[in-house]
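Data first, discussion second: the structure below is written as structure tokens.
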Amino acid sequence: MEYEFNKDLGGSPVATFSMGHEAIGRWLTDELASNTLRITSLLSHIEQIELGHKASLTLHGSEFELHIAGDEVSVKAHAIDDDIEFEKNISLYELESNAECGLTDFKEALQSWLQFVTKSR
């Protein structure tokens, strides 16, 4: 999972992730932004999961849901409806709306995001 952090024209932090993980970048950008308190709180929850004190965590944001269970992380846009049926040969482009990764990779990306937004102030 590759990613990079930049600022948009307005100076807000933007996370861009590699293909298949775009939703994680959108989640960082849209749901956490530069809120260091939320980021550090999430890192604390991750530590509790890693230590076995918590089994899972689900965060419902304005546009995305983050779910951590064991060593798996998933990000899913609220707009995705699994019950929608499409005609043959028509599919929904979900790469920017759904992503999964391991907890270790997610934690490293989150720590990097925290460093980036802290330095960007």
Compactness of segment 1-40 - radius of gyration and Dmax, Cα, Å: 10.1, 28
To the nearest 20 debye, what charge dipole does the chain have about its Cα centre, counting +1 at the Cβ of each Lys and Arg and -1 at the Cβ of each Asp and Glu? 720 debye
Enter the accessible area of Met1 (Å², nearest 10), with the probe set to 1.4 Å and all protein chains included. 70 Å²
Percent breakdown of C-alpha pair distances by 5 Å bin, ordered from the shortest bin, for the chain: 2, 11, 21, 23, 20, 12, 6, 4, 2, 0
Which of Leu57, Ser12, Ala69 sits farthest toward the positive end of the charge dipole of the chain, with +1 on the Cβ of Lys and Arg and -1 on the Cβ of Asp and Glu? Ser12
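The values are calculated or read from the model by the stated rules, or taken from the named source; none is laboratory data. Just so it is clear, the model here is predicted, and its values are computed rather than measured. When we count neighbours, we look across all protein chains shown, and the Cβ atoms used for this are built from the backbone with ideal geometry, even at glycine. To get the accessible areas, we keep the full protein, side chains included, count just its heavy atoms, and leave off ligands, DNA and RNA. Shrake-Rupley method; radii C 1.70, N 1.55, O 1.52, S 1.80 Å.
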